[in-house]
Amino acid sequence: MQTIGLCGGQFFDGTENAPIATDVLLEDGRIAAMGNGVGKEAEVQLDLRGRFFSAGWVDVHTHLFHRPGYLGLSAVPFSLQQGVTYVIDQGSAGADCFASFSQQILKPLPMGHKAFLNCSKIGIPLSSLDGPGELADRANLDEGALLSAYEAQKEEGEVIGLKIRLTPSVCPDNPLGALQTASRWAKDLHLPLEVHPNFAPISTEALLSCLKPGDIYTHTYHPSPVGILDEKGAVKDCVWRAREQGIFFDLAHGVSSLSFPVMEQAFAQGFYPDFISTDLHNGNFCGPVYSLAHTMTKCLAFGLSLPQIIHRVTAAPVHGFGLKDKVVAPSVGDWADFTVFHLENTPQTLSDGRGHTHTAQQQIVVDATFYHQQWYPTHP
Ligand SMILES: [Zn+2]
């Protein structure tokens, strides 16, 4: 029975409070003790002085369907070995392919996971990166197919929401009609709906009026008329009202869904994302996204504090998405679920993928991830 001590680190508990000094004693993958000095009883002692740790991070917007024809990535190197112990796949699979996605990819994952089911029965095809997407054929919006796919997995509870994308190449005809349909399905199933709005030819107000509390507007800082800012750069009234009503705004970096000028103007008005997420997939893991830590570094560079950032990848997604199988503030008896990281004071040029750059003075760097009985070094 091996014991490991995490000694001398500063622990973020998921609130927006400053971290506190504590040790953790792990025994066979479970927390045997937490408190000052308890790590010294361990056989293997890891010196975390000058480092931070928190509950393992949650990435609420990823794409994991890494099979021919789909745009996903493997979650182990790109998420688990980057500090993320819980992933939510955002609609990579639709009714036609959800069962195989679940069997081949979700169930074998050695980490926490849930999925949103795409309202299009074909899910998100790889071809949608540069060509027509999943709603180019409107017959893919098939209620019968969606209901049977949802029913088939209901007992296991892998699907926790519905997803729809309204970008013109994805949904060329009547995006508002498609959104109203998706919104009705989500209401009937008592599920949140996540909407990818980028460049859809509808107003932000019309889009948000289709959403209910708990629904998610994703790619919050993308620059388009259906975005969160008006022509003068002010956060739109309908956006503030939506937030008050309990509609969530997810960062979801993506290949071209984050604009530094939009994020900067929104942050200056106090409009921060509810969740910080990557939208990692085949088209952006080599940049501009790279990892959740790199996306968090961008938030740090534009003025969010470290406690605010850690909150948005731990407690906020756990409570916002109702993730009952994810611990926020680990305590004695729980499985290990920790991300260890530090701040590196090396200037770095950040890119938003839309032609803007920004120099960060500090970077958030993941050292290791502890999940149940495994200890994962960071993937280079
Ligand atoms: Zn996405």
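Some notes on this structure:
- Once exposed loop GluC sites (Glu not before Pro) are cut out (DSSP; at most 14 other Cβ, 10 Å), longest piece of the chain: 232-380
- Between the C-alpha center of region 186-221 and that of region 340-361 there is a gap of 30 Å.
- Given charges at beta-carbon only (K, R positive; D, E negative), |dipole| of the chain in Debye: 320
- Here is how the number arises for the chain: DSSP H runs of 4 or more residues each give -39500 (n - 2.57), the sum is divided by the residue count, and the result at 222 nm is -5500 deg cm²/dmol.
- Part-to-part distance (alpha-carbon centres) for region 247-266 and region 276-336, which is given in Å: 15
- Sequence-separation-based contact order of region 1-57, relative, with Cα cut under 8 Å and 6+ spacing, percent: 46
- Taken over region 145-198, the percentage of Cα pairs per 5 Å bin, counting from 0 up to the bin with the maximum distance, is 4, 19, 27, 23, 15, 9, 3, 0.
- If the chain linking VAL44 and GLN153 were pulled fully straight, counting 0.36 nm for each residue of separation and taking away their Cα-Cα distance, it would gain 35.1 nm.
- D by Stokes-Einstein for region 1-95, Kirkwood Rh over Cα pairs, 4 °C, 1.567 mPa s: 84 µm²/s.
- Kirkwood Rh (inverse of mean 1/r, distinct Cα pairs), the chain, angstrom: 21.0
- Normalised by the number of residues in the chain, the mean separation of alpha-carbon contacts (under 8 Å, six or more apart) gives a relative contact order of 19 percent.
- In order along region 69-81, phi translates into HN-Hα couplings of x, 10, 9, x, 10, 6, 6, 5, x, 8, 10, 4, 8 Hz, rounded to whole numbers, per the Karplus curve 6.51 cos²θ - 1.76 cosθ + 1.60 with θ = phi - 60° and x for Gly and Pro.
- For region 1-65, chymotrypsin sites (Phe, Trp or Tyr not before Pro) are listed when DSSP marks them as loop and at most 15 other Cβ atoms sit within 10 Å of their Cβ; the list is empty.
- Within the chain, the longest run free of trypsin sites (Lys or Arg not before Pro) that sit in a DSSP loop with at most 15 other Cβ atoms within 10 Å is 50-153.
- Proportion of all alpha-carbon pairs of region 76-224 beyond 21 Å (%): 43
- Whole-Hz Karplus values for region 204-214 come out as 4, 4, 5, 5, 5, 5, 8, 9, 10, x, x Hz, taken residue by residue from phi with 6.51 cos²θ - 1.76 cosθ + 1.60 and θ = phi - 60°; glycine and proline positions read x.
- Descending semi-axes in whole angstrom, ellipsoid equivalent of region 258-380, from the Cα gyration tensor: 26, 18, 14
Every number here is computed from the coordinates shown, using simple stated rules; none is lab data. All of these numbers come straight from a predicted model, not from anything done at the bench. All Cβ positions, glycine included, derive from the backbone under ideal geometry; neighbour counts span all protein chains shown.
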